[in-house]
């Protein structure tokens, strides 16, 4: 498997997009990655927009970017809650400073905005936050997946296959 020995973290908060959480979660496990679910610490169980629930393994205050290879930021309304947590925002910034893979989809781009890592970079997102991404300095591109060095972004659940192929392809 491509990711044996690699460690991934997936952020979660209330009203996460269920598909954008579960699809990467199972693909990473299938590829052999050790996957950690990280919440804000506000609670230990989070409910997605479609009603599925997941339990956080840890909260962002205990994360260290040296311990992880990949960060996945699913969309839904969750990133609006995530960006209010300084530990989650700081972890995104720390992962970027160490050139670790940061992959966001849909409204996950809000975390990239709050972490101030978009200036001069190519990225995409759900069209509703396009202006936010551009105002943060991104060169916003309307395509299913955009890669800029360690940053991988996608627009919607329809883009999940391309999103995960790009992430897994970084380790072949």
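Points to keep in mind about this one:
- Both the radius of gyration and Dmax for region 20-59 are 10.8, 30 Å, in that order, over alpha-carbon atoms.
- Cβ-to-Cβ counts within 10 Å put 121, 42 in ascending order as 42, 121, the fewest first.
- Alpha-carbon spread of region 106-172, three principal axes, descending order, Å: 33, 22, 17
- Cα convex hull of region 7-169, projected area averaged across orientations, nm²: 7.9 nm²
- Reference-scaled alpha-carbon Rg (2.2 N^0.38 Å with N residues) for region 1-97: 1.00
- Per-residue Cβ neighbour counts within 10 Å put 93, 107 in the sequence 93, 107, beginning with the fewest.
FYI, it's all coordinate maths here, none of it is from the lab. What you see is a predicted model, and the numbers here were worked out from it, not measured in a lab. Neighbour counts run over all protein chains shown; Cβ positions are idealised from the backbone, glycine included.
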